[in-house]
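What follows is a short report on a single structure.
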Amino acid sequence: MEGIGLDSMDFLGTFRLRTLRIARSLIVMLPLLLLDVPHALSAEKFPWPEGEKLEMEIFWPSGVTMGEATLQASSAKDAQFFSAQMEVVLPQGRMLYKFSSITDSNLCSREFHQSVERGRKFWEEVSRFDAESGKASVSRDGQTRELPAGKCVRDPLAYLYYYRAQAAAP
């Protein structure tokens, strides 16, 4: 009887723990989803300085250096430019990730470039967003496909900076 009780408690405990993790993840994600309501942003409200460059080192849990990452932001008259690069050196080889984003003044994406280099493997993808037609074109390996998109789409980099702007807003 004790064995049955323990086994069912282990199952229920594991089930409850997984359910709590899923619920906690949804609770954390909900505010992020609600933040994606397009509204006018102005360059004066951006919390990052013109030409911001953040350089970071990436460490293993043991404290040994694993690589470097860089985030950059700049702007022009009616556009924001963001880039991110991460280089990781492992015993199996070098990995290089590069991302760049061009957005309008509301941080809605116009173009998003990403390239990944893992040892000898390499791929590159370019996404272009047309707010007027509500379409996105994604090009990779010489093939282009069109997808439906909203009026204000944010790629991962644009969303990171959009979130920073929202977090700094009064």
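The values are calculated or read from the model by the stated rules, or taken from the named source; none is laboratory data. This structure is a prediction, so every number in the text was calculated from the model and none was measured. Don't worry about glycine lacking a Cβ; one is built from the backbone with ideal geometry, like all the others, and counts go over all protein chains shown. The protein model used for the area step is the full one, side chains on, heavy atoms only, and it has no ligands, DNA or RNA in it. Shrake-Rupley method; radii C 1.70, N 1.55, O 1.52, S 1.80 Å.
How large, in percent, is the carbon and sulfur part of the accessible surface of the stretch 49-139 at a probe radius of 1.4 Å? The nonpolar share, carbon plus sulfur, comes to 53 percent.
Looking at the stretch 130-170, the accessible area is 64 square angstrom per residue; that uses a 1.4 Å probe and ignores ligands, DNA and RNA.
Ranking request for peptides 58-66, 150-158, 83-91: highest mean number of other beta-carbon atoms within 10 Å first, then the rest in descending order. Let's see the in-between values first.
Details: 58-66: 9.2, 150-158: 19.4, 83-91: 14.4.
Those peptides, ordered most packed to least, come out 150-158, 83-91, 58-66.
For the stretch 98-160, what percent of Cα pairs sit more than 19 Å apart? Of the Cα pairs, 32 percent sit more than 19 Å apart.
The solvent-accessible area of residue 54, taken with every protein chain present and a 1.4 Å probe, is close to 60 Å².
Note on residue 98: lysines with a C-alpha under 18 Å away, same-chain residues under 8 apart excluded, are 53, 121.
Taking 0.36 nm per residue of separation and subtracting the Cα-Cα distance, what length does fully extending residue 95 through residue 124 add?
9.1 nm
For trypsin sites (Lys or Arg not before Pro), the sites in the stretch 46-116 that DSSP calls loop and that have at most 16 other Cβ atoms within 10 Å are 77.
Shape verdict for the stretch 54-170, please, from the Cα gyration tensor: rounded (a/c under 1.5), prolate (a/b greater than b/c) or oblate.
On the way: a/c = 2.81, a/b = 1.37, b/c = 2.06.
Verdict is oblate for the stretch 54-170.
Distance between the modelled labels on residue 117 and residue 141, one decimal in nanometres: 2.1 nm (7 Å Cα→Cβ projection). The calculated FRET efficiency for the pair residue 62 and residue 168, based on their C-beta separation and a Förster distance of 41 Å, comes to about 0.75.
Which length gain, in nm to one decimal place, applies between residue 53 and residue 69 when the Cα-Cα distance is subtracted from 0.36 nm times their residue separation? Before the final figure, lay out each step's value.
Values: separation 16, 0.36 × 16 = 5.76 nm, distance 1.05 nm.
Value of the extension gain: 4.7 nm.
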